[in-house]
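These notes are about the structure you will find just below.
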Amino acid sequence: MPDLSFKIEDATVVPFAAAPTLAFKLRIENAIAGERVHTVALRCQIQIDVTRRCYTAEEQSRMRDLFGKPDRWSQTLRSLLWTHANVVVPSFQGSTTADLPVPCTFDFNVAATKYFEGLTDGEIPLHLMFSGTVFYAGTNDVLQVVPISWEQETRFKLPVKVWRDMMDSYYPNCVWLSLRRDVFERLYQYKVHHGIPTWEQALERVLPVEEMVSS
């Protein structure tokens, strides 16, 4: 029966994807020498280990929306669920590598996006937990099926620059906000009524001047 282990070796931006996507280079090793693994249907839960790094004063200020004031972080700082990813790994013997695609969102209603954008530099501590199904050649080459335990896990430090460069390439000098439909309709009617050409100008007109200056 296969004894698999998992390790992330690198993370790169998938070029020309329909949406921002990272490819995690995943190394899989089977401790059972000479055993042929036919297929691995792999699932991965990715969490952000927010307590596994230090934060500058600027980063603490940018993350108040997530964790509150820094003097409460001993109570509010908790791991965040980022996303789930899936990949089908083809046949291998011994070890192999596969790209684990991780779609990313730039929606600022999502906690992970707020966290990533709040970081100015350094690395993002990730905790990856694996599950799924392994198909392998058993006795007399009879196909066998076994599950992967959630105990299989690994950690990886994603450079902040990789995530930021990806978002800058997909959304240069832009961010995404999701609004309730009724709020959007009010803002849209205000924009049309006053003949304002762009959403940026509409928001600048709506926001009090003192708030714009203090920001």
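The values are calculated or read from the model by the stated rules, or taken from the named source; none is laboratory data. A quick note: this is a predicted structure, and the numbers were derived from the prediction, not measured. Please note: Cβ atoms are built from the backbone with ideal geometry, for glycine as well, and neighbour counts cover all protein chains shown. Accessible surface is based on the protein model in full, side chains and every heavy atom, while ligands, DNA and RNA are left aside. Shrake-Rupley method; radii C 1.70, N 1.55, O 1.52, S 1.80 Å.
General observations
- Charged-residue dipole, Cβ positions (Lys, Arg, Asp, Glu), the chain about Cα centre, Debye nearest 20: 320 debye
- Its Cα gyration tensor gives the range 95-215 an equivalent ellipsoid, and the semi-axes of that ellipsoid, as √(5λ) in whole Å with the largest first, are 47, 18, 12.
- Positive-end residue, the range 149-197 charge dipole about Cα centroid, Cβ charges, pick of Tyr188, Met166, Ser178: Tyr188
- Per residue solvent-accessible surface (Å²) - the chain, probe of 1.4 Å: 60 Å²
- Once all protein chains are placed together, Thr76 keeps about 40 Å² accessible to a 1.4 angstrom probe.
- Within the full protein context, the accessible area of Arg43 is estimated at about 120 Å² for a probe radius of 1.4 Å.
- The angle between the Cα long axis of helix 160-170 and the main principal axis of the chain comes to about 70°, on a 0 to 90 degree scale.
- Most to least packed among 45-55, 10-20 [average Cβ atoms within 10 Å]: 45-55, 10-20
- Percent accessible area from carbon and sulfur atoms, the range 105-173, protein chains only, probe 1.4 Å: 50 percent
- Gap separating the Cα centres of the range 1-65 and the range 66-84, nearest whole Å: 21 Å
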